[in-house]
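The block underneath contains the structure these notes are about, expressed in structure tokens.
Laboratory data are not the source of any read-out in this text; all were calculated from the coordinates shown. Note that this is a predicted model, so its numbers are computed, not measured. So basically every Cβ, Gly included, is an ideal-geometry build from the backbone, and we count neighbours across all protein chains shown.
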Amino acid sequence: MKVHILDDWFDTLRGLPCFARLAGHDVTVWTDHVEDMDALAARLTEAEALVLFRERTKVTRALLERLPALRLISQRSVYPHVDVDACTDHGVLLCSNMHGGTPSYAAAELTFALILAGLRDLPAQMASAKAGHWQAGVGKTLRGRTLGLYGYGRIAQAVAGYAEAFGAKVVWWSSET
């Protein structure tokens, strides 16, 4: 099977253990991004499977019509950039680990990790530990503090849940409220 992995700018996927599952397939990893429809269609004309690393490349009906061999699209996350109806019409199976209405837990977890890193001053703590010292400071706790969120979509709701589990009060604001 001819598999094309798109938009893997740092050639990250090739280093993952799961990449070995593609042994025996003709795999092309694209480390750049192409927006031009003609150039993209020419690049992918023989592709039987696309692995969409991010939501960067739009898979439209017009593109699908130019990819006659395509049978599978694998997307690790949300897929607003993929024309699902066109995939159905062209017999292309779209696979994703996301279900409608679910947040990107990866984004929520990374957001919360950054909140904790800021409160606990993790960069300074790590530098101190690497230098052989015990700690550079005590940092701050989240319990009892207030976390303000701009918007309250799916990702923010997940972040709010993490913060509440740590004993923080959560407030949010949105221009739609």
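Listed values, structure above:
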item: Quotient of C-alpha Rg and 2.2 N^0.38 Å, computed over the range 2-96; result: 1.00
item: Value in Å of the Kirkwood radius, where the range 105-173 supplies the Cα pairs that are averaged; result: 13.0
item: Largest-first ellipsoid semi-axes for the chain, taking √(5λ) over the Cα gyration tensor eigenvalues, angstrom; result: 40, 23, 13
item: Cα lying deepest toward the dipole's positive end in the chain, options 99, 75, 127, charges on Cβ; result: 127
item: Ranked by how many other beta carbons lie within 10 Å on average, peptides 108-118, 19-29 from highest; result: 108-118, 19-29
item: Inter-label distance, nm, simple model (7 Å from Cα along the C-beta direction), residue 45/residue 114; result: 4.2
item: Spin-label model distance (nm) - residue 85 vs residue 55, 7 Å beyond Cα toward Cβ; result: 2.0
item: Kyte-Doolittle mean at least 0.0 and Cα axial length at least 20 Å: DSSP H helices in the chain; result: 105-120
